1. Does any residue in segment 86-103 that is modelled with pLDDT under 95 come within less than 7 Å, Cβ to Cβ, of a residue that is within 16 Å of ligand 2 (Cβ to nearest atom) six or more places away or on a different chain, and which pairs are these?
2. Restricting to segment 399-425, and then to whatever is within 16 Å of ligand 1 (Cβ to nearest atom) and of a type in the set (S, T, N, Q), can you tell me which residue is surrounded by the fewest Cβ atoms within 10 Å (Cβ to Cβ)?
3. If I ask for residues that are within 25 Å of the chain's Cα centre (by Cα) and over 10 Å from residue 637 (Cα atoms), which ones from segment 545-560 would you list?
4. Filter segment 420-449 down to the residues that are in a strand (DSSP E or B) and either closer than 17 Å to residue 377 by Cα or among the polar types (S, T, N, Q) (or both) and list them by number.
5. Within 30 Å of residue 196 (Cβ to Cβ), away from ligand 2 (no atom under 16 Å from the Cβ) and surrounded by fewer than 22 Cβ atoms within 10 Å (Cβ to Cβ): is that true of residue 294 in this structure?
6. Please tell me if residue 195 is under 18 Å from residue 213 (Cβ atoms), aliphatic (A, V, I, L, M) and away from ligand 2 (no atom under 16 Å from the Cβ).
7. Please list, ordered by residue number, the helices (runs of 4 or more DSSP H) wholly in segment 336-413 having 2 or more residues that are β-branched (Val, Ile, Thr), under 17 Å from residue 323 (Cα atoms) and within 16 Å of ligand 2 (Cβ to nearest atom).
8. Kindly establish whether residue 610 is under 37 Å from the mean Cα position of the chain (by Cα), more than 29 Å from residue 376 (Cα to Cα) and assigned to a loop (DSSP other than H, G, I, E, B).
Amino acid sequence: MDNALFSRHIALADVKITDAFWQKRQHLIETTVLPYQYEALHDRVDGADKSYAVENFRKAAAVVKQLKNGATVPVYPADKWVYDEQNSAPEAFKGWVFQDSDVYKWLEAAAYTLTNHFDAALKAKADALIDLICAAQLPSGYLDTLYIINNRDGIFTNLRDFHELYCFGHLAEAAVAYHRATGETALLDAACRFADLIADTFGENKKKGYPGHEIAELALVKLYEETGKRAYLDTAAFFLDERGKRPYYFDTERNETSDGERYHYHQAHKPPREQEEAVGHAVRAVYLYSGMADVAKATGDDGLYAACQRLMRSILDKKLYITGGIGATADGEAFSFDYDLPNDLAYCETCASVGLLFFARRMLEIAPDAAIADAAERALYNTVLAGMAEDGRHFFYVNPLEVLPEASEKDSRKRHVKPVRQKWFGCACCPPNLARLLASLGEYGITANENTVYVHQYFGSEVHTEPADLRITSAYTENGTVHLAVRPQREMTLALRIPTWCGENYRFSAPCTVKEGYAYFTLSTPCDIQAAFALVPRLVNCSNRVRENIGKVAVMRGPLVYCLEEADNGKDLHLLRVSKEPQFAVNGDIITADGFREAPDGTLYADYAKRAKTPVRLTFIPYYRWGNRGENEMTVYVRI
Ligand code: FUB
Ligand code: ZN
């Protein structure tokens, strides 16, 4: 690692998003998504899967009160992933084992939203939840409602499956965000009490486990940065060092030997610093890699950073969908083997792309890397945006690149592929994850160190930082131009990422040096820089190592991937072909192109003959907008 390249994202309080494209979405988070999700967490959305999340905190607070009063509190089994009205007692914990995390993610999103735009009513809701959370904490600092309600003697006995450290991670992230937003310490104190318990429990000569679902690693580093308490960083590093050691902790804790797949699922097949390939559950993986990057940077661990670089390359070169989706298979919600990127069976969990943005930002804070910033952009403008409906009340968990509603209904291998966004999910990790990412978007565009400001993403924004303030006026997705008003406080370097999608077709209004995907400007006085990136529709090939896409292309314009929908192009999208010279026309965010529709064959088999085809004009819409007009076919890749 070269410390001179280190940089840091801009604190949210020092960024104001100003462009219409992103402001609209942040406004939706504030006015619709957060209120809607608050109702969902309270089980007050008609027809939506029940969350039970707030109810669990209420039950846990009641248990804590009874324990404090010396009452005898019943015990229930903590032996399943999901508890419902049928398989558990009325007063026992309900929902998935990690249900608490949905409340924490909501709070984190609320904290970012309060930073962007203070709203007393939102703060009152957040404060009420924080009071409830604090009331549910055991005097030891332990805070996970499953075990508090069901079995106080069982804590930390099933790290592999039962997500206590995962819920802690989300608590800590929410606590840091809320502290930064309001200066208030109640939630931060609760998170620190739990972190202290964790640091006292796990370590050399203590318990040797590590999280089944990663996130505590990155959260402990955040808590360390917020409080300066070194034990939190050490515990994060300990978790990374323990993972993958033999005998596997997850076997030891249950006295069994699992099959090899199980270790890959948990990224525990090897010590993280030796890992080469992104494997296993995709969300867990990118959360782990984010924590690895954090610890590598905080401790100057070159070996750990080298592993992060290998794992990032494994994703970027062999496991990334054109839409920025990751995790190709529903089997374990996991990465598949290299170049296995099916369109119709794709999993591409929304959370996984959110996590890819976490990992990317951390890597960019270690060193600028245009390929990583490109991938972050791909994930953000396509899969992440697709995860939420335009109404802010419906969500995708899975983000396929091809959908045939009949197949989702009748083919059990495709049950995970929903043709329309859902109101809520029993396992509702994705909606609040989207909310927290979009609300904190200001932290994802720019990083800075004492000499250089790096612009990785071109969000229209006002940025206050050292060594320069910036006012960015962005028409990035409309016409590819960005205007930057730079106010340096001293001589400094401005580094602007050149998006790969424009090739050599870019212009800057001031002299610069181009190196590895960034244009560098030396500035010492206020100046305005105009950047123009050629934003034209283009046909994109996928590597022919991806068997699925041979003979097909996708349409992109700038960072946006486009798709065909039945609503515009009729049924049987597989019979459509795009012309090799498509004569693209752009109308707003819609692209039309010349193509053909083949007549369907009359018989199942016949001797080869050229098929009849009729010229048609194809209509493409941005992928992130698909599925907003009811159930219909959709495809990203089209035959050529
Ligand atoms: O296990 C917690 C969350 O539920 C994961 O991050 C998601 O992939 C879903 O499995
Ligand atoms: Zn999710």
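1. Filtered contacts from segment 86-103: no entries.
2. Within segment 399-425, the match that is surrounded by the fewest Cβ atoms within 10 Å (Cβ to Cβ) is 422.
3. 546, 556, 557, 558, 559, 560
4. Of everything in segment 420-449, those that are in a strand (DSSP E or B) and either closer than 17 Å to residue 377 by Cα or among the polar types (S, T, N, Q) (or both) turn out to be 422, 446, 447.
5. On the way: within 30 Å of residue 196 (Cβ to Cβ): yes; away from ligand 2 (no atom under 16 Å from the Cβ): yes; surrounded by fewer than 22 Cβ atoms within 10 Å (Cβ to Cβ): no.
No.
6. Numbers: under 18 Å from residue 213 (Cβ atoms): yes; aliphatic (A, V, I, L, M): yes; away from ligand 2 (no atom under 16 Å from the Cβ): yes.
Considered against the rule, which asks whether it is under 18 Å from residue 213 (Cβ atoms), aliphatic (A, V, I, L, M) and away from ligand 2 (no atom under 16 Å from the Cβ), residue 195 comes out as yes.
7. Working: elements: 350-366, 370-378, 405-410.
Hits in segment 336-413: 350-366.
8. Numbers: under 37 Å from the mean Cα position of the chain (by Cα): no; more than 29 Å from residue 376 (Cα to Cα): yes; assigned to a loop (DSSP other than H, G, I, E, B): yes.
Considered against the rule, which asks whether it is under 37 Å from the mean Cα position of the chain (by Cα), more than 29 Å from residue 376 (Cα to Cα) and assigned to a loop (DSSP other than H, G, I, E, B), residue 610 comes out as no.
The values are calculated or read from the model by the stated rules, or taken from the named source; none is laboratory data. What you see is a predicted model; the values in this text were computed from it and never measured. Quick reminder, even Gly has a Cβ in these numbers, built from the backbone with ideal geometry, and neighbours come from all protein chains shown.
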